[in-house]
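S.K.: I have a structure here, written as structure tokens, and I will follow up with some questions on it.
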Amino acid sequence: MKLAGHTMGTPELGLVDALRLFREIGLDGAEIICDENYPCGFSYNPTRTELKKVKCVAEGEGLEVAGLTPYVTEINSLDKSKRLAARATLLRVIDAAGFLGAHAIRIYAGSLTPAEIDKQLVADKWHYLIDELRCLAENAGDVGVYLAVENHFNTMAVSAADTARLIKEVDHPHVGILYDQANLVFTHKEPTEEALALQRGLIVYVHVKDLVFVNRDIPFRAVAVAKVDSSERAVRSRVVGQGEIDWFSILRGLKEQGYDGWLSLEYERRWHPQDLPAAEIGMRESARYVRNLLAKLEGDSQ
Amino acid sequence: MIEISVITDEVSADPQTALELITSWGLNAIELRGVECYRVPDLNAYWEKRLRTLLRDFGVEVVALSPGLFKIPFYADDVRADQQILRWEDNAAYASLHERNQKVDYHLNTLLPRSLDMATELGARRLVIFSFDRPHGDQGPTPQPVIEVLRVSAERAAEANIMLCIEVEHMCWGNTGAATADIVRRVNHPFLRINWDPANALKAGEEPFPGGYSEVAEYVSHVHFKDAASNPETGEVEWSMKGDIDWVGQIAALKANDYRGYISVESHCLPKVAAAKAAVDRLRSLLETGRDTVSRTQSGGV
């Protein structure tokens, strides 16, 4: 398995400096944020000159672009114009991913808040989501990129079961799962073994992060899709290996089902800088910890 | 990976004959333009039905349609300021301009949706379009109203998840790589890209490779394969089986830029079948070995 750094971990750095840091701490690739006004990434409509620079620096550092991360949530909007705008935005990201040779694009399974419980509304949003993912998948397939739908709160893929059901219904070779066990843990969804079993054969990308609960009894809630506001949090982010997530079991499970792709260190310093030291320290330590686990797994299998 | 397709009417106006020949050459991807004496999607009732049967029976993939969209003059004021002395002349001029404007309406509001519908039905992901006739002698940039119409078209294409590819065409506003890239940049919509036709660029007086291609490289979504050479006696650029285009360099550059689409053979030479087959063989050699196998012959034929 290959290890990537997520530029969410380096909000204080420009993209070039982040890529250099990733190389310096021994990572194989980078997951790059696509968002307006985030300094460590690029916008939804980057110029080819910007992309050429990223490609050139990444290649120069010996890094692959593992993934791109847009924050588009309206692909299942009931408003057609919003769905089409989301499609156009994501097509630009697909273009950029193709140019950079990225393996995957992180995709939100639209949006679905806990308040949206009307059966017809949920059915409509599901239908639009499937249609839109199929449309996008055709374009992603053209450039050899995977759409990786993340296990993520406030979307239609909060649980492993829902994510697997979605991917099976979309049924396109370029759409798979972005497995994020930490997200499943803090939303009180499936434990590792069950999540892996449900998503077997569908995982195309993995996020690696860690956390501790400060209060296990608070039900999960978040207003937004991209992040949990500090007032809503029942957990604290941690350097990988210093929290509650059993990464050895996760990696062993992934290996057992033949997963050999990217592990991306989704070091959430962008959202929770109070929890995590700078990437140079915390991401480095996370990488070291995961590398040791991978080596142990390798040793166990020999 | 770059794949070869063939515009069927370059082999024969009869789709059955064309498909029989194309598949016998080991190819199964086609671009549809002329069908008998019709141009897609405006077929008569017989060909509406027969074409679909043939496509199914031969098992070919339709990669693009070329309905001739916007290969017409753009809107003009139908009430002219420069009135003639004779009223019947005014009337004739008015009628002519009115008809011209109705044609633009027809292309935008009827031919485009019908073409998108047909592309969707046949599974074609690309629609080759044009950029309206450039008035003779006008060397200026593409007028803003043309840009606006193309933007509206791209928005409609996005709805159908079909890519519009403006063909570089010597008689249109997008007559060269540089002019067509300028259009795409100004329209700024991810569902508007370029059908790169180096021979057409040469006919417009541009050095297609590397010059013209360097302008369009990032927007190429489809390619036409033909050659052209300057006739030493007349100075006119004429279609040729082996002309002045550096196809060795061009194919290498497409590969280097990770182009993964189709190159459609469009020899424009006689005799049709022999010219199309020779062009297929030449393109195959260029793609597989990087070598050009066709020696220079008289322009306009094999």
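S.K.: In nm², what is the average projected area of the convex hull enclosing the Cα atoms of the range B:150-192?
M.R.: Numbers: hull surface 10.6 nm².
If you wrap the Cα atoms of the range B:150-192 in a convex hull and average its projections, you get 2.7 nm².
S.K.: Give the residue list of trypsin sites (Lys or Arg not before Pro) in the range B:4-93 that are DSSP loop and have at most 14 other beta-carbon atoms within 10 angstrom.
M.R.: On the way: sites: B:ARG33, B:ARG39, B:LYS49, B:ARG50, B:ARG52, B:ARG56, B:LYS71, B:ARG80, B:ARG87; in loops: B:ARG33, B:LYS71, B:ARG80.
Passing both the DSSP loop test and the Cβ count: B:ARG80.
S.K.: In 10 Å bins starting at zero, report the fraction of Cα pairs in chain A per bin as a rounded %.
M.R.: Percent of Cα pairs in each bin: 6, 29, 38, 23, 4, 0.
S.K.: Given H placed 1.01 Å from N in the peptide plane, which residues other than close sequence neighbours of B:GLU61 have an amide H under 5 Å from its amide H?
M.R.: B:ALA29, B:ILE30
S.K.: Quick check on the exposure proxy: order A:SER231, A:SER237 from fewest to most C-beta atoms within 10 angstrom. Before the final figure, lay out the partial values.
M.R.: Numbers: A:SER231 7, A:SER237 24.
By the 10 Å Cβ count, ascending, the order reads A:SER231, A:SER237.
S.K.: A further question follows. Give me the distance in nm between label points sitting 7 Å out from Cα along the Cα-to-Cβ direction at B:ALA76 and A:VAL16, one decimal.
M.R.: Distance between the two pseudo-spin positions: 5.2 nm.
S.K.: Also, quick follow-up: Would you mind counting up the charge near B:THR176? Only other residues with Cβ under 11 Å from its Cβ, with Lys and Arg at +1 and Asp and Glu at -1. Numbers along the way, then the final one.
M.R.: Values: positive: B:ARG134, B:LYS203; negative: B:GLU169, B:ASP182, B:ASP197, B:GLU206, B:GLU207, B:GLU215.
Neighbourhood net charge equals -4.
S.K.: Would you list the P(r) distribution for the protein assembly as shown, with all Cα-Cα distances sorted into 20 Å bins from 0 and each bin expressed as a whole %?
M.R.: Result, from short to long distances: 18, 45, 28, 7, 0 percent.
S.K.: Sum up the charges of everything whose Cβ sits under 10 Å from the Cβ of A:ILE75, counting Lys and Arg as +1 and Asp and Glu as -1, but leave A:ILE75 out. Walk me through the numbers before you get to the answer.
M.R.: Numbers: positive: A:LYS82, A:ARG83, A:ARG87, A:LYS125; negative: A:GLU74, A:ASP131, A:GLU132.
Neighbour charge sum, excluding A:ILE75 itself: +1.
S.K.: Using alpha carbon centroids, what distance separates the range B:14-51 and the range B:109-144, in Å?
M.R.: First find each Cα centre; the distance between them is then 20 Å.
S.K.: Using Cα centres only, tell me the gap between the range A:1-48 and the range B:220-260 in whole Å.
M.R.: 39
S.K.: Please compute the length gained on full extension between B:ASP246 and B:ARG56, using 0.36 nm multiplied by the number of residues separating them and subtracting their Cα-Cα distance.
M.R.: Numbers: separation 190, 0.36 × 190 = 68.40 nm, distance 3.67 nm.
Extra length available between B:ASP246 and B:ARG56 comes to 64.7 nm.
S.K.: OK, next. If you find the alpha carbon centre of the range B:262-278 and of the range A:236-290, how far apart are they in angstrom?
M.R.: After rounding, the separation between the Cα centres reads 56 Å.
S.K.: Moving on. Can you pull a Stokes-Einstein diffusion coefficient for the range A:1-76 at 20 °C (1.002 mPa s), Rh from Kirkwood over Cα pairs, as a whole number of µm²/s? Don't skip to the end; give the middle numbers.
M.R.: Working: Rh = 12.5 Å.
Value of D from the Cα-based Kirkwood radius: 172 µm²/s.
S.K.: Order by neighbour count: A:CYS56, B:CYS172, fewest other Cβ atoms within 10 Å first, most last.
M.R.: Numbers: A:CYS56 11, B:CYS172 27.
So the residues, fewest neighbours to most, are A:CYS56, B:CYS172.
S.K.: Quick check on the exposure proxy: order A:THR10, B:THR289 from fewest to most C-beta atoms within 10 angstrom.
M.R.: Details: A:THR10 27, B:THR289 9.
Ordered from fewest to most neighbouring Cβ atoms within 10 Å, A:THR10, B:THR289 come out as B:THR289, A:THR10.
S.K.: Mind checking which helices in chain A clear 24 Å along their axis (Cα) and have mean Kyte-Doolittle hydropathy of 0.0 or more, DSSP H runs only? Kindly include the intermediate steps, with their values, before the conclusion.
M.R.: Working: long enough: A:80-100 (30 Å, 0.43); A:119-142 (35 Å, -0.45); A:279-301 (31 Å, -0.49).
Sorted by number, the helices that extend far enough and score high enough are A:80-100.
S.K.: Can you compute the radius of gyration and Dmax for the range B:91-219, using only the Cα atoms, both in Å?
M.R.: Gyration radius and largest Cα-Cα distance of the range B:91-219: 15.1, 49 Å.
S.K.: Also: Using the C-alpha atoms of the range A:102-192, what convex hull volume per residue, in cubic angstrom, is computed? Please list the in-between numbers first.
M.R.: Values: hull volume 7.8 nm³, N = 91.
So the per-residue Cα hull volume is 86 Å³.
S.K.: Rounded to a whole number of µm²/s, how large is the Stokes-Einstein D of the range B:147-242 at 10 °C and 1.306 mPa s, given Rh as the Kirkwood radius over C-alpha pairs?
M.R.: On the way: Rh = 13.6 Å.
Answer from the Stokes-Einstein relation: 117 µm²/s.
S.K.: What is the spin-label model distance, in nm, from B:GLU99 to A:LYS52 if the labels are put 7 Å beyond Cα along the C-beta direction?
M.R.: 4.8
S.K.: Taking the Cα centre of the range A:159-208 as the origin, how large is its charge dipole in debye, to the nearest 20, when only Lys and Arg (+1) and Asp and Glu (-1) carry charge on their Cβ atoms? Show your work: numbers first, answer last.
M.R.: Working: 4 positive and 7 negative charges, 11 e Å.
About 60 debye.
S.K.: Also, quick follow-up: Computed over the Cα atoms of the range B:179-302, what is the ratio Rg over Rh, Rh following Kirkwood?
M.R.: Working: Rg = 14.4 Å, Rh = 14.9 Å.
Looking at the range B:179-302, the ratio lands at 0.97.
S.K.: Would you mind giving the three semi-axes, in whole Å and largest first, of the ellipsoid equivalent to the range B:1-114 according to its Cα gyration tensor? Write out the running numbers ahead of the final one.
M.R.: Values: eigenvalues 327, 38, 27 Å².
Semi-axes (√(5λ), whole Å): 40, 14, 12.
S.K.: Based on the Cβ-Cβ distance from A:ASP171 to B:THR293, what FRET efficiency comes out when R0 is 60 Å, to the nearest 0.05?
M.R.: Values: r = 42 Å, r/R0 = 0.70.
Using R0 = 60 Å, I get an efficiency of 0.90.
S.K.: A further question follows. Among the listed pairs A:LYS52/A:LYS125; A:LYS125/B:LYS71; A:LYS168/A:LYS209, give every one whose C-alpha distance is greater than 32 Å. Walk me through the numbers on the way to the answer.
M.R.: Values: A:LYS52/A:LYS125 37 Å; A:LYS125/B:LYS71 40 Å; A:LYS168/A:LYS209 26 Å.
Result: A:LYS52/A:LYS125; A:LYS125/B:LYS71 exceed 32 Å.
S.K.: Still on this structure: Once the Cβ-Cβ distance between B:ARG185 and A:ASP229 is put in as r, and R0 is 51 Å, what FRET efficiency do you end up with, to the nearest 0.05? List each step's numbers first, then the result.
M.R.: Values: r = 39 Å, r/R0 = 0.77.
The value I calculate is 0.85.
A short reminder: the numbers here are calculations on the coordinates, not readings from a lab. Please read all numbers here as calculations on a predicted model, not as lab measurements. Quick reminder, even Gly has a Cβ in these numbers, built from the backbone with ideal geometry, and neighbours come from all protein chains shown.
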